[in-house]
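The values are calculated or read from the model by the stated rules, or taken from the named source; none is laboratory data. Just so it is clear, the structure is predicted and the values come from calculations on it, not from any experiment. Positions of Cβ are backbone-derived with ideal geometry, glycine not excepted, and every protein chain shown enters the neighbour counts.
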Amino acid sequence: MSYNADLDHGAAAPRAEVAVDLDAIRHNVSHLADLVGSAATMAVVKADGYGHGAVPVAQAALEAGASWIGACTMAEALHLRAGGITAPVLSWLDLPDADYAPAVARDIDLSVATPRQLDSVIEATIRTDRPARVHLKIDTGLSRNGGAEADWPALVDAAAKATVDGHLDVIAVWSHLAHGDEPEHPMLDRQAARLDAAWRVACEAGLSPIRHLANSAATLTRPDLHYDLVRPGIAVYGLDPLGRPVPDTPLRPAMTFRARVALVKRVRAGEGVSYGHEWTTRTSTTLALVPVGYADGVPRRLGSRPSGVGGMQVLLGGRRRPVVGRVCMDQIVVDCGDDPVQEGDEAVLFGPGGRGEPTAQDWADALGTIHYEIVTGLRRGRVSRTVFGMHSKGPG
């Protein structure tokens with residue numbers, strides 16, 4: 001599929017749209033895969049591909065050099081299988097008493113962190129009459145998911161017995177970094193040492209697992225943590241985990257959020273704009289109504305300040321223009337001054353930044369958050385999504 005960047009003003013054009021550049025995805029994955037040499041690359045596509053679309057992103061990533069795909073839940077992993085993704089897929093967060101049989105039946109790798117969860121997986125292998133591919137997860141310092149150090153030997157012994165019994169194939173020992181975006185933080189080395197110790201326990205129990213630890217930032221900055229497999233997530237989508245601006249990063253943002261102007265009107269000086277009249281026109285001006293709001297994923301806090309300074313901007317008519325007044329549930333108002341704008345014109349809320357438009361990082365900075373939250377917060381169903389740069393090659 002493709003999308004005309006000039007926007008057809010016909011009725012079939014979407015009200016608001018997320019456009020995803022799969023060639024940017026390929027560029028990013030190729031760059032990441034080149035960095036890690038002999039280590040394999042797992043492209044993480046949880047949360048519907050960070051809002052970009054899990055299946056098309058997975059397909060593009062596999063075409064560009066990834067050999068694994070990462071999901072969060074079994075439902076996400078099964079969605080990838082239904083979409084034709086046949087490469088190894090890791091699912092890592094479900095309840096310990098979940099029904100793992102559908103994942104085992106579809107050769108989805110499962111992360112296991114507790115004996116109770118291991119028992120549920122083994123039970124699923126008995127019902128499906130096939131072994132499960134398991135990644136044993138150790139908590140190395142994030143204090144989130146993962147087996148506790150004191151419980152690790154018992155978990156490994158149980159997994160080793162289940163392997164001998166034909167129920168499991170233990171693929172990996174793995175963990176998550178707590179300070180991955182701070183390459184020099186001493187915690188990275190401590191976590192690596194703890195992972196190595198956990199891996200040695202598994203090897204001494206007769207298992208032969210690989211190791212994986214690196215997220216996007218560690219993939220970019222810590223080759224010593226690449227081990228056998230890296231798991232980039234946000235970098236796949238071109239959003240720099242180190243906060244580098246677009247001109248200084250090798251990554252290419254893949255998402256553009258844009259909408260069409262629904263109404264243009266001339267307003268005299270002294271008129272209040274949007275709820276509460278927190279902003280008032282100082283002179284006569286042209287206002288453009290853009291039909292997106294907080295129900296679509298535009299944070300209400302991005303509305304303009306009463307001073308008119310420091311609020312949200314959009315790219316409209318070739319230049320950045322301020323959003324004035326409060327962000328509403330379904331719409332925002334843009335001050336266009338005396339410049340000519342028309343109904344149907346494109347307004348870019350954020351994009352890669354190459355045309356001077358705001359970026360997801362700009363939104364994150366204004367809100368005191370991270371760009372992950374911005375791209376995953378757009379409401380599928382309210383906002384159309386179009387992918388372009390599709391290749392004819394199968395999903396792999």
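Of note:
- Subset tally (residues that are free of Cβ contacts under 8 Å to residues at least 12 places away in the same chain and not small (Gly, Ala, Ser)) for region 68-118: 1
- Members of region 372-389 found to be under 21 Å from Gln361 (Cα atoms) and either outside any strand (DSSP E or B) or more than 16 Å from the chain's Cα centre (by Cα) (or both), listed by number: Tyr372, Glu373, Ile374, Val375, Thr376, Gly377, Leu378, Arg379, Val383
- Positions within region 27-50 being in contact with a strand residue (DSSP E or B) (Cβ under 7 Å, 6 or more places away or on another chain), crowded, with 24+ Cβ neighbours inside 10 Å and not aliphatic (A, V, I, L, M), in sequence order: Thr41
- Of the residues making up region 187-234, those that are within 16 Å of Ala113 (Cβ to Cβ) and part of a helix (DSSP H, G or I) number 7.
- Asp97 fulfils the conditions (1) at pLDDT below 95; (2) under 22 Å from Asp48 (Cβ atoms) except for a single criterion, (2).
- Every residue from region 195-243 that is in contact with a Leu (Cβ under 8 Å, 6 or more places away or on another chain), within 21 Å of Tyr372 (Cβ to Cβ), at pLDDT 95 or above and aliphatic (A, V, I, L, M): Leu213, Ala214, Ala217, Ala218, Leu220, Leu225, Val230, Ala235, Val236, Leu239
- Extreme residue, nearest to the chain's Cα centre (by Cα), among residues of region 110-146 that are of a type in the set (A, V, I, L, M) and surrounded by fewer than 16 Cβ atoms within 10 Å (Cβ to Cβ): Leu142
- When Ile234, Ile210 are screened for being surrounded by 19 or more Cβ atoms within 10 Å (Cβ to Cβ) and among the β-branched types (Val, Ile, Thr), only Ile234 passes.
- Residue check, Leu95 over 18 Å from the mean Cα position of the chain (by Cα) and not in a helix (DSSP H, G or I): yes
Table: residues versus (1) under 30 Å from Asn28 (Cβ atoms); (2) in a strand (DSSP E or B); (3) in contact with a strand residue (DSSP E or B) (Cβ under 7 Å, 6 or more places away or on another chain).
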{"position": "Arg258", "(1), (2), (3)": "yes, yes, yes"}
{"position": "Arg282", "(1), (2), (3)": "no, no, no"}
{"position": "Val298", "(1), (2), (3)": "yes, no, yes"}
{"position": "Asp330", "(1), (2), (3)": "no, no, no"}
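- Filtered by the rule that a residue be at pLDDT 95 or above and of a type outside the set (D, E, K, R), region 328-343 gives Cys328, Met329, Gln331, Ile332, Val333, Val334, Cys336, Gly337, Val341, Gln342.
- Meets criteria (touching a Cys at 6+ places or on another chain (Cβ under 9 Å) and either crowded, with 16+ Cβ neighbours inside 10 Å or hydroxyl-bearing (Ser, Thr, Tyr) (or both)) for Gly353: no
- One residue alone among Glu278, Glu271 is surrounded by 15 or more Cβ atoms within 10 Å (Cβ to Cβ), acidic (Asp, Glu) and closer than 30 Å to Ala347 by Cα, and that residue is Glu278.
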